[in-house]
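Q: Please see the structure below; I have some questions.
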Amino acid sequence: MNLARWRRIRGLIRKEMAQVVRDPSSVLIAFVLPGVLLFLFGYGVSLDATAVKVGVVMESATPEAQSLVAAFRNSPSYEVRVGRDRRDFEEDLVAGNIRGLIVIPATLTESLRRGDAVTAIQVIVDGSEPNTASFVQNYAQGTVANWMVQQSFDVGRSRSIAPRVSTEPRVWFNPEIQSRWFLLPGSIAIIMTIIGTLLTALVVAREWERGTMEALMATPLGTLEFIIGKLTPYYLLGMGSLAVCVVVSVTLFELPFRGSVFVLVLVSSIFLITMLALGLLISTVSKNQFVASQIALVVGFLPSFLLSGFVFEISSMPLPIQTLTRIIPARYFVTCLQTIFLAGDVRSVLVPNTLALVAIGSVLMLLVARKTSRRLD
């Protein structure tokens, strides 16, 4: 790169940096918006089902039934209300005041004394929320199974009731199974998507609206110089926002960081440049700030939020939608961030996803170069 070209790029970068400093909306998008979103995803959004309200019907107040009720009450997963007849809870179940009903039959004590291997305990759940219904059902079965094993040892009948095979689950990467650890890396990807597309979506559109694009066209700037000069300040702004997000996630929300800073910066840079190119392409085509911002939200934020695997598993989507997700850059970045934070630098995951980001970013850069006009039509 010759000296004259470098001077032109440096001049354009200085102009854009001065514009960023004078424009408070850029600072709000880069630093205030990430703080608000991290607060919402860290505290307000949770996939963990705790303190689920259930009703427990104890048809006979035998010591065994009371012991089983105590097992449910001692579980942090439930908020238990006890009754003697299931009809006492039917209206609450229909109204959604409770999410499930666990019926302990009057024959429980007799069944245990006979040494029956199976004791029927009915679980009625509200299927209007399938995830919560599955949670109530599975946890109720687990609570009863644990109580049965404990009861069998207490009465000295471990051979007849205790299971012959015991399982010892081990959870890797997220031992406490906190949804926050799953959501925060994805939320950083969504934040970087919003920052990358919104910041540059307004750049060229603002130039056209203010009439300064004509002045830029009168200069000897080339297309590559124009793109570099426009993207560099917003790249630095986006990386600063990433640093804030990572520090807040690790310190405030205690999100583990098991990878390397170098890999995080490398992958994040590739993704941010890709999203900046997308925003610049939008602003180049639209030439209007309002239209550019709306397109950026529709093209950038919504697909990244819904189709990146941030909240919804891609493998559970229909095959055509799974195919569509392959062109969403956030899909690969979410996977990379979750791997870097929770598992470490796993090459078999990071390399193919990073290469996919490079491919998508290259295509977007070529489109920006073709759509960037250097003359007035």
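Q: Looking at 56, 94, which one is on the phi < 0 side of the Ramachandran plot and modelled with pLDDT of 90 or more? So that I can check it myself, show each step before the final result.
A: Numbers: 94 fails: modelled with pLDDT of 90 or more.
Selected residue: 56, the only one of 56, 94 that is on the phi < 0 side of the Ramachandran plot and modelled with pLDDT of 90 or more.
Q: Something else about it: Could you say whether any residue in segment 52-60 is outside the structural domain of residue 86 (by TED's automatic domain parsing) and acidic (Asp, Glu)?
A: no
Q: Looking at segment 249-257, is at least one residue closer than 25 Å to residue 25 by Cβ, in a helix (DSSP H, G or I) and either in contact (Cβ under 8 Å) with a residue 24 or more places away in the chain or hydroxyl-bearing (Ser, Thr, Tyr) (or both)?
A: Pass one, segment 249-257, residues closer than 25 Å to residue 25 by Cβ: 249.
If we keep only those that are in a helix (DSSP H, G or I) as well, we get 249.
Filter once more, keeping what is either in contact (Cβ under 8 Å) with a residue 24 or more places away in the chain or hydroxyl-bearing (Ser, Thr, Tyr) (or both): 249.
Checked segment 249-257: at least one residue is closer than 25 Å to residue 25 by Cβ, in a helix (DSSP H, G or I) and either in contact (Cβ under 8 Å) with a residue 24 or more places away in the chain or hydroxyl-bearing (Ser, Thr, Tyr) (or both).
Q: Same structure again: Taking residue 340, is it under 20 Å from residue 191 (Cα atoms), touching a residue at least 24 places away in the same chain (Cβ under 8 Å), surrounded by fewer than 20 Cβ atoms within 10 Å (Cβ to Cβ) and of a type in the set (A, V, I, L, M, F, W, C)?
A: The answer is no for residue 340.
Q: Looking at this structure, is residue 357 buried (at least 16 other Cβ atoms within 10 Å of the Cβ) and farther than 26 Å from residue 206 by Cα? Explain how you work it out, then say what you get.
A: On the way: buried (at least 16 other Cβ atoms within 10 Å of the Cβ): yes; farther than 26 Å from residue 206 by Cα: yes.
It is true that residue 357 is buried (at least 16 other Cβ atoms within 10 Å of the Cβ) and farther than 26 Å from residue 206 by Cα.
Q: Could you tell me whether residue 217 is of a type in the set (A, V, I, L, M, F, W, C) and at pLDDT below 85?
A: Details: of a type in the set (A, V, I, L, M, F, W, C): yes; at pLDDT below 85: yes.
Criteria met by residue 217.
Q: What are the residue pairs meeting all of these: first residue in segment 84-108, first residue touching a residue at least 24 places away in the same chain (Cβ under 8 Å), second residue basic (Lys, Arg) and crowded, with 21+ Cβ neighbours inside 10 Å, Cβ atoms under 9 Å, and 6 or more apart or on different chains?
A: Matching pairs, first to second residue: 93/99.
Q: Okay, moving on. Could you identify the single residue in 69, 56 that is surrounded by 12 or more Cβ atoms within 10 Å (Cβ to Cβ), in a helix (DSSP H, G or I) and under 37 Å from the mean Cα position of the chain (by Cα)? Can you show your working first?
A: On the way: 56 fails: in a helix (DSSP H, G or I).
That would be 69, the only listed residue that is surrounded by 12 or more Cβ atoms within 10 Å (Cβ to Cβ), in a helix (DSSP H, G or I) and under 37 Å from the mean Cα position of the chain (by Cα).
Q: Being at pLDDT 80 or above and not aliphatic (A, V, I, L, M) is the filter here, so list the residues in segment 1-21 that pass it.
A: Correct list: 5, 6, 7, 8, 10, 11, 14, 15, 16.
Yes or no, residue by residue, for (1) within 27 Å of residue 184 (Cβ to Cβ); (2) in contact with a Leu (Cβ under 8 Å, 6 or more places away or on another chain):
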{"site": "227", "(1), (2)": "no, yes"}
{"site": "235", "(1), (2)": "yes, yes"}
{"site": "253", "(1), (2)": "yes, yes"}
{"site": "293", "(1), (2)": "yes, yes"}
{"site": "306", "(1), (2)": "yes, no"}
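Q: From 38, 33, 101, grab the single residue that is crowded, with 18+ Cβ neighbours inside 10 Å, in a helix (DSSP H, G or I) and touching a helix residue (DSSP H, G or I) at 6+ places or on another chain (Cβ under 9 Å).
A: Working: 33 fails: crowded, with 18+ Cβ neighbours inside 10 Å; 101 fails: in a helix (DSSP H, G or I).
Sole residue among the options that is crowded, with 18+ Cβ neighbours inside 10 Å, in a helix (DSSP H, G or I) and touching a helix residue (DSSP H, G or I) at 6+ places or on another chain (Cβ under 9 Å): 38.
Q: Which members of segment 301-347 meet the condition of being farther than 20 Å from residue 278 by Cβ and among the small types (Gly, Ala, Ser)?
A: Of everything in segment 301-347, those that are farther than 20 Å from residue 278 by Cβ and among the small types (Gly, Ala, Ser) turn out to be 315, 316, 343, 344.
The values are calculated or read from the model by the stated rules, or taken from the named source; none is laboratory data. Just so it is clear, the model here is predicted, and its values are computed rather than measured. Neighbour counts run over all protein chains shown; Cβ positions are idealised from the backbone, glycine included.
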